[in-house]
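Novice: Can you keep this structure in mind? I'll have questions shortly.
Each reported figure results from applying straightforward, stated rules to the coordinates on display, with no laboratory input. All figures in this text were calculated on a predicted structure; none of them were measured in a lab. For neighbour counting, all protein chains shown are included, and Cβ atoms are generated from backbone atoms with ideal geometry for every residue, glycine included.
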């Protein structure tokens, strides 16, 4: 039933003084005391049939001493006519007619506010009243549910096709499937090889690898065991290929996404995403731990940059430590062993070693942040891995000359002041040479930190996998483009 609307034209203000409108025991009195007001525009007065509330749109003009009134309703009012509802243009009606003829959803324009997300309409209008909500509104005649269809990407090009310019066609039941309330197009998840192989920037953003060929090379190093994994929480995982599972792990390492958005990007459940990540971290770390990344001395010399070879020809390794933040453990002993006085937080510490050419050739297990650099070197096999007459380059914090001296290995570190107030010019120049070449390990660690999982605090479940995570990130850096130039 349509609402009564009392229309007034622009008249003098005194015409409304004491005016009364009666409707089913409701009296509306407009008592206006404008004090010499000249004009009052009273556009609409709505009498709601259910709540008996008057909705007045007032617009004062040329009223000295009065501010513009805001449109308002009582809290119990339920409006039925909205001023923002716009009538459809002929082009909109024609477009919906063509879309209805093809059994597809019409594109909603910016100004089309008459329809909700689940309404599929035809040009013919009808009034639909909801007696439970005590409201009445106008919508267009919707399709029946059985008319709604789902088309495959081969039948309907969703990327570049214009719905209004396609030829009319009838969609058969062989290529489309029915849904309840909406039309969806079957497509691959965003984080899948199908989408990444056509977008190199997206591939580099989520995996850190430059192209698909390099991704397939890294994946091939894992061998055929990728098809026979026993997962951490379940026996098997279905609905996602091993290659896409590998991409899921890389995306987690690269962007440190939470499992919920990660699962949505990969088209799996949150439980499955967590299960895949933990399984593949353990699997990749064990597979790559069998790869010999410690190169021979001749290979190191061949790939050493020219300037580095002239100044430090016997250098076999550049070492430095890095710390990865973790969440504060609940165990007091774990808090004490992981607290780093340097970072002033709970961390795990890893020793990273690289060749002068920029290849990561050594990664230690993860230790608590309270562990010193010397303690990590003492527990490592670096003195046994180096040959006699080799040299190792390190920072001042590595006071380990006595450990390597037993095997006739020299350690190049900057000079200490000891009890001197100043250093000689020769010592200053020597320290500058060491610092200019030792910076390569800092750049390589920075390349590892582009995997954001190493920058944010690791939760307890992932802190247990810190050694595996660091190993995988280091191996992935070896597959990436070289960052140390040949003339460095």
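Novice: With an 8 Å Cα cut-off and a minimum separation of 6 or more residues, compute the relative contact order for the stretch 297-479 in percent.
Specialist: Rounded, it is 25 percent for the stretch 297-479.
Novice: Based on alpha-carbon centroids, what's the gap between the stretch 275-346 and the stretch 436-465 in Å, whole number please?
Specialist: 9
Novice: Set the Förster radius R0 to 35 Å, insert the Cβ-Cβ distance between residue 292 and residue 187 as r into 1/(1 + (r/R0)^6), and round the FRET efficiency to 0.05.
Specialist: Once rounded, the FRET efficiency stands at 0.25.
Novice: Return the FRET efficiency for the residue pair residue 236, residue 264: r is the Cβ-Cβ distance, R0 is 35 Å, and the value is rounded to the nearest 0.05.
Specialist: That gives a FRET efficiency of 0.95.
Novice: Additional query: Place a point 7 Å from Cα of residue 481 in the direction of its Cβ. Which residues in the stretch 200-223 have their backbone N less than 11 Å from it?
Specialist: 210-211
Novice: When DSSP assigns beta bridges and you keep just the ones with both residues in the stretch 297-479, what percent turn out antiparallel, to the nearest 5?
Specialist: Working: 15 of 22 bridges.
The antiparallel fraction comes to roughly 70 percent.
Novice: Could you work out the relative contact order of the stretch 412-488, using alpha carbon pairs under 8 angstrom and six or more residues apart, expressed as a whole percent?
Specialist: Value for the stretch 412-488: 30 percent.
Novice: Output the peptides 346-358, 432-444 sorted from most to least packed, where packing is the average of other Cβ atoms within 10 Å over each peptide's residues.
Specialist: Taking the mean over residues of other Cβ atoms within 10 Å, the ranking is 346-358, 432-444.
Novice: Please report 274, 98 as a ranked list, fewest other C-beta atoms within 10 angstrom at the top and most at the bottom.
Specialist: By the 10 Å Cβ count, ascending: 98, 274.
Novice: Give me the one-decimal nm value for the distance between modelled label points at residue 385 and residue 327, 7 Å along each residue's Cα-to-Cβ direction.
Specialist: 3.2
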